[in-house]
Structures are given as C-alpha cells and as structure tokens.
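Written below as structure tokens is the structure these notes are about.
The values are calculated or read from the model by the stated rules, or taken from the named source; none is laboratory data. Please read all numbers here as calculations on a predicted model, not as lab measurements. Cβ placement follows ideal geometry from the backbone for every residue including glycine, while neighbour counts extend to all protein chains displayed.
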Amino acid sequence: MIREFYPVMSVASLQLHHHVVQFLPVESRLSQVYGPRCRPLIEVTAGREQKWSSCVRVMEGHTDTCLSVAFSPDGERLVSGSMDCTVRLWDVQTGAILQAMAGHRYRVRSVAYSPDGRFIASASDDVTVRIWGAATGLQVSVYSGHPEWVYCVVFSPDGIRIASGDSNGGVHVWSIDATHRSVKMLYVSERTESLAYISANRLVVSSRKSIRVSDLESDSHMEQHDHLGEPDAFAMAPDGSLAVSSTKGDLSVWDARKWTKQWSIKPSPPVPFTFLSFSPDSTLLAVASGDSGSSCEVWDVQTEKGTHQFKGHAREVTALQFSPDRSLLASASYDATIRLWDLRVAESPRKDTIMTSLVLSPLGTMFATSSSDGAIEVRIVGSDELAWSSRVEHSDVSSFAMVISPGDKFLILYGPSDVAVSVFDL
C-alpha cells in the first residue's frame, strides 16, 4: 500500500505520517521505532506485510501472456509486447498505461526502444515489424519483408538501422527510413533466437545450433561458435565483453573476445534457464526459467554470486529487462502482468539495532545514521564504507536530528531542548 500510493504521499507527507505507520511492514525499522508511540484511530487487524517487498509495481492491462519488455533510454517508460496482439506503453513511476498500440494481427514476440527514445519497434507472428512513435503511440511504418514469424528485433547503436530475425533463420537489416526493403539479408540454419549489436557494423546472431558474429559491411559471418552447445537461451553483455548461454540446465558465462568459459552454474536438479538479461553496465545478470518457476534471480558476474531472488508472479516468467540505471528489474509472465523489482531494497548495515534516523549529505556522497543504541555512523554512498562513527548517551536517541554540512566537512547533531547543538569534524 505504501509503495502504490507513494506519488500522492510524496506531496502530502505531513498530513499522512501519523496514519501511515499502521500500514508499514511489521518488521520495518519505521514501524518498530514509531509504532509504539502512535495512537491512531485506525487499527489494521490483518493483511500487513512482515517486511518491505522488493516488488514496487505490478502492471496489469494485458489480457494474455506478456512476451517482451524494454525500458526507454531515460528509464521513465516501459514498453511491452503480448500474445494479446498489442504493444503497451507504461509509466514506470505510477504503473499507469500511457498507450495501447494496436495493429498486429498475431502475438507480439519482441519489442525494442530506439537509442534516442523516439521510436519503438515490435516484432510479431504476423510476419511484420512495426515502428511506433514513442510520444504519440501512432504507427509510423511497417516492415513486411520476412516470410515467417518474426522472433526478435533490435536497433543499431546509432539508431539508423534495425535488425530482425525470423523463425526460418533469416536476419534482415534495414533502415528505419526505408522499411520497404532490406539493406542486408543474412541466414542461419535454425530459428533466430536473439540479436545483439556489439558495434555499428557487428551483429551477434543466436540460434539453437550456434552463435555467429556477422560483419554487416561485408555481408559475411566473421565468427561462428558451435562449442557452446545448443543453447536454450543466450545474451550478450552491452559492453561486448561477456556472453551467457544456458544449455540443458547449465548456465555458462563466456569471454566474448576469446569465447572461453569464465564460470558456470549447474543447479541441482538441472533447470533450463530460458530467459537471460545483462544489466546496462554489464555487471549483473538476471535469469529465469520459463519451464519450471515463477521466480527470477540476479547474479553478480564479477563475484559469481547470487544477489537477489524475486518471487511474486502467479505463473512462469517470460522476459527480463534491467532499467538503464540498473535500479529496477522488469519481469513479464504468463500471468499477463509485469512486475518491477527494486534492486536497492537492502538491510541496514547495523542488523543488531533499530535505525532511528537517516540523512543524506547535500552532495549525495555521504549518509549518516543513528541507531537505538546511541551509535551514529557516517558512510560513503555506493561503497557503504564507514567514514566516521561516534556514540551519544541519551535516553531518547530517536529525538535527535542530524545535518551534514554542504561540503561534507561537518556533522551537526541537535535534539531535545536540554541538549546543546554538537558539531563533529568529518
């Protein structure tokens, strides 16, 4: 409830503080600190969450399975394609539907945003790729050069060309200004599963048999890699340094320059990971199995460790996508919904006490916390490194307030009337 009504609460917070406490998760820090002090007229007898949920939005509107999602370059919009034949545009902050784009006659398998955010491309089983104006939701043009279902679509880094792949193994590269004809045509032996540009003229083509790197200038396959097996899923890191494949339940991360295996995961029992997605900075990997589970996981590719697991969909996950700042993960599902997961939800660095106050420095580089045991800590944003700490002896630490000076040089602590203002050198 708190997260869903945040847009309203953010502009009327003073009027709501007293009443909101009763709706906070039972084990949240705010509930533990302020709950015993409140005497509200409202009593919540059932339904309160125990902890903060990582799910910040549930987007409902599609009437059938959602198959693909993509964030806008600024992260403020999300586009989705569905088996209900529509393309929908969503407001990430509120979860509201902004546009419902109709025109495809069969399921929409893939959607993509242009790098400048002006256009949206959608690929469908009606053998077309349609281009939509992101601002208006109106159809701009249609490419109908594919003879079979179109499985995937992607914009080039400069936004000038579009690559699309079909179920017959055809890969068409065409100009957004000339949708009536292909600029280039490539072929692979199996259905095209995914496409990824690693430069303006180099395209990685994934099929069920192999991975190929094609040179669009010479119309040739520069490299072909068959030693990855027959992948159920494949994804390229945006910076081109890594690739990941899932083959018969084994998840393998590859050096995309030498195509040597870096590390792998072998779950027991074997789980075929059928949906993979890298974060924009290529440091995180999201994985999900479309065959056996309604959850998704996030892994740190540098530490080779799992960092998050998200559960909430009623049916299997069908698509994953990180937001541009990697703070959110969008997951689509057979349950026809899209969920947004907050990767920043984390425990307090001091798990043995209750955090009573938190303040961010004006520069946004440091934050200070006070705890129920009187401890005051200043930490570096990002690294969470402890920069300064002290302890205050007072019966009611939660009544203190803190301010960090504009230059991050001082911490000012002030509280009840019987306590002097204290200035600490950071």
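Points worth noting:
- In segment 197-236, the residues that are of a type in the set (Asp, Glu) and part of a loop (DSSP other than H, G, I, E, B): Glu217, Asp219, Asp226, Glu230, Asp232
- Boolean, Asp64 is part of a loop (DSSP other than H, G, I, E, B) and buried (at least 16 other Cβ atoms within 10 Å of the Cβ): no
- Considering segment 352-426, the qualifying strands (runs of 3 or more DSSP E), each wholly inside and each with 3 or more residues that are surrounded by 13 or more Cβ atoms within 10 Å (Cβ to Cβ) and at pLDDT below 80, run over 355-360.
- Every residue from segment 95-135 that is of a type in the set (A, V, I, L, M, F, W, C) and loosely packed, with under 15 Cβ neighbours inside 10 Å: Ala96, Ala100, Ala102, Ala135
- Here Gly306 meets the list (1) at pLDDT 85 or above; (2) over 25 Å from the mean Cα position of the chain (by Cα) almost entirely, failing just condition (2).
- Residues of segment 280-303 satisfying the condition of being within 12 Å of the chain's Cα centre (by Cα) and among the hydrophobic types (A, V, I, L, M, F, W, C): Leu284, Leu285, Ala286, Val287, Cys296, Val298
- Residue in segment 141-158 that is more than 21 Å from Gly103 (Cβ to Cβ) and surrounded by fewer than 18 Cβ atoms within 10 Å (Cβ to Cβ) present: yes
- Looking across Val44, Val92, one residue alone is surrounded by fewer than 22 Cβ atoms within 10 Å (Cβ to Cβ), outside the structural domain of Phe278 (by TED's automatic domain parsing) and at negative phi. It is Val44.
- Flag for Arg105 being basic (Lys, Arg) and part of a loop (DSSP other than H, G, I, E, B): yes
- Flag for Asp126 being under 21 Å from Leu203 (Cα atoms) and among the charged types (D, E, K, R): no
- Arg130 vs. criteria at negative phi, among the charged types (D, E, K, R) and more than 21 Å from the chain's Cα centre (by Cα): yes
- Single unsatisfied condition, Gly137 versus (1) within 24 Å of the chain's Cα centre (by Cα); (2) closer than 18 Å to Ala178 by Cα: (2)
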